[in-house]
Every structure is written in C-alpha cells, then in structure tokens.
Amino acid sequence: MKFLGIDLGWSSGASGLCCLELTNGQLQLLDLDRRESIADILAWIDTWVQLEEPAIVAVDAPTLIPNATGMRLPDKLTHKYFGKYHAGCYPANLSLPFAQRTVDFGLALEARGFNHAPEITPQMPGRYQIEVFPHPAIVHLFQLDRILKYKKGKLAERYLELLKLRRHIVDVLSTLEPALVLSQESCQSSEIPPTPLKKGGQNSLYNESQENTIGFK
C-alpha cells in the first residue's frame with residue numbers, strides 16, 4: 001500500500017510531495033517532488049497510484065471546511081492540547097481566501113476515489129484522504145518541548161530548524177514500526193552544514209518555496 005504526503009500550497013507557490021510504499025513491513029521512499037499547479041499535483045498522484053490501487057493521501061491543508069466564519073473544532077483542539085508547544089494551527093473558514101483552493105483539492109481527490117476517512121480500520125486497504133497538521137505530530141513523535149520553527153523567523157534560523165527536522169526524521173522514524181527506510185544518500189549528512197547565505201542576507205541556495213524538500217533530494 002502507498003502513502004502520499006501533500007504539503008499543499010494553500011494559496012500559491014510550490015507544494016511538497018512525498019510517496020512512500022509499505023513493503024515487507026517497512027516504509028520505502030519512492031519519490032520526493034515539488035509541483036506548482038493543482039493539475040500537476042493531481043498528475044503526480046495519478047502517476048504513483050493507479051486507478052483503484054489502495055493508498056492514503058495525507059494533505060497538510062484544510063480540505064473540509066464546514067464553517068462560514070471562526071474556527072473549526074479540530075483547529076480549536078490543537079490550541080487546547082498543543083498550544084503550550086506553540087503548535088496551535090491556523091484557523092480555517094470559508095470566508096478566507098485559500099478556502100476554495102484547499103476544499104476543491106479535497107473534492108478532486110474524492111473524484112479519484114479517495115474518501116475522507118475520520119476513522120480507518122487497521123489493515124484494511126482502501127483509498128483514503130486524511131487532513132494532517134505536522135507540528136503536533138513532530139512534537140509528539142520526536143518528544144520535543146516545542147515545535148521546530150522552520151516556517152517563521154529569520155531565514156538563517158529557519159534553515160537550521162529545518163535541518164533539525166531532517167535529522168529527527170532520519171534518526172527517529174527508522175526506529176518506529178513500520179520503520180522508514182531511507183537510502184544511504186538520503187542519510188549521509190548527520191551534521192548541520194553552514195547556512196548558505198550571501199553577504200547582506202541574500203540567500204543563494206535556499207528559499208521558502210524549497211523548504212519542503214531541502215536535504216532529501
């Protein structure tokens with residue numbers, strides 16, 4: 001069975017894509033990619049998951065938004081249980097400019113047979129889509145006191161936080177069940193390299209649109 005992760009660009013910009021496959025009790029990394037348009041993201045999904053093939057698509061974006069204003073219940077719960085870790089999520093409602101894009105993406109997945117799955121029976125293959133919010137998962141899986149702040153702050157600080165996240169993924173996810181198996185090339189760098197900034201703070205190697213795949217390609 002395949003597991004696809006979509007770090008969806010809510011309004012614009014590139015989306016980060018990841019495809020894993022469960023083989024012999026281990027998760028194998030099949031592909032990492034970045035795509036700009038929704039059409040290209042859906043084409044990537046169609047490439048890796050054939051018609052009626054079982055798979056789970058995990059989307060980091062609000063694909064179900066029933067409320068016209070305010071916050072959804074899951075948004076409120078992240079603040080209640082993970083606020084102390086700085087892991088409360090951005091509120092989603094239908095009045096916000098990104099809503100149409102993210103909801104339409106969920107509908108496009110439904111059209112491909114990926115049904116919303118608030119509950120999944122263990123070891124029962126199917127075609128599912130789930131909404132995910134990485135910050136609480138990162139805090140819980142890696143037993144952190146606070147989130148890794150790779151999205152906000154000075155560029156150099158975000159770069160270092162992102163590399164910490166990469167280190168946790170390489171070191172910890174390989175010990176869980178099922179274990180994530182990465183190639184030797186993906187795991188080579190165990191030390192944080194120098195921050196690639198030009199004099200004056202202009203970045204020569206890294207920008208925000210690349211943050212989804214840095215260190216894994």
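In this structure, the residue pairs whose Cα-Cα separation is over 21 Å, taken from LYS84/LYS152; LYS2/LYS80; LYS76/LYS164; LYS2/LYS151, are LYS2/LYS80; LYS76/LYS164; LYS2/LYS151. The ratio of the alpha-carbon radius of gyration of segment 92-191 to the globular-protein estimate 2.2 N^0.38 Å is 1.37.
Whole angstrom only: what separates the Cα centroid of segment 72-122 from the Cα centroid of segment 32-67? Rounded to whole Å, the Cα centres lie 14 Å apart. Rounded to whole numbers, the Karplus 3J(HN,Hα) couplings from phi for segment 115-121 are 7, 4, 10, x, 9, 10, 6 Hz, using 6.51 cos²θ - 1.76 cosθ + 1.60 with θ = phi - 60°, and x at Gly and Pro. Shown for segment 104-187: the carbon plus sulfur share of the solvent-accessible area, taken with all protein chains present and a 1.4 angstrom probe, equals 54%. For segment 141-156, backbone phi angles converted through the Karplus equation (6.51, -1.76, 1.60; θ = phi - 60°) give residue-by-residue couplings of 5, 9, 6, 9, 7, 8, 5, 8, 8, 8, 10, 10, x, 5, 4, 4 Hz, Gly and Pro being listed as x. Among residues other than ILE45 whose Cβ falls under 12 Å from its Cβ, what is the net charge (Lys/Arg +1, Asp/Glu -1)? Spelling it out: positives minus negatives among the neighbours equals -1. Between ASP46 and GLN100, the contour length at 0.36 nm per residue exceeds the Cα-Cα span by 17.2 nm. Between ALA156 and SER37, what FRET efficiency comes out of the Förster formula 1/(1 + (r/R0)^6) with R0 = 35 Å and r the beta carbon distance, rounded to 0.05? Working from the Cβ atoms, E equals 0.70. With no solvent and one point per C-alpha, what does the Debye sum give as log10 I(q)/I(0) for segment 1-138 at q = 0.10, 0.17 Å⁻¹? After summing over all Cα pairs, the log10 values are -0.34, -0.99.
Taking amide hydrogens as placed 1.01 Å from N in the peptide plane, the amide H of ASP31 sits under 5 Å from those of CYS19, each at least 5 positions away in sequence or on another chain. Between SER11 and ARG146, full extension at 0.36 nm per residue minus the direct alpha carbon distance yields a gain of 45.9 nm.
The residues of segment 1-81 have, on average, 50 Å² of accessible surface per residue, using a 1.4 Å probe with all protein chains present. Backbone amide hydrogens, once placed in the peptide plane, bring ALA61 within less than 5 Å of VAL132, excluding anything fewer than 5 places away on its chain.
The values are calculated or read from the model by the stated rules, or taken from the named source; none is laboratory data. Not measured: the values here are computed from a predicted model. In this analysis, Cβ positions are derived from the backbone assuming ideal geometry, glycine residues included, and neighbour counts consider all displayed protein chains. Heavy atoms of the whole protein, side chains included, go into the accessibility calculation; ligands, DNA and RNA do not. Shrake-Rupley method; radii C 1.70, N 1.55, O 1.52, S 1.80 Å.
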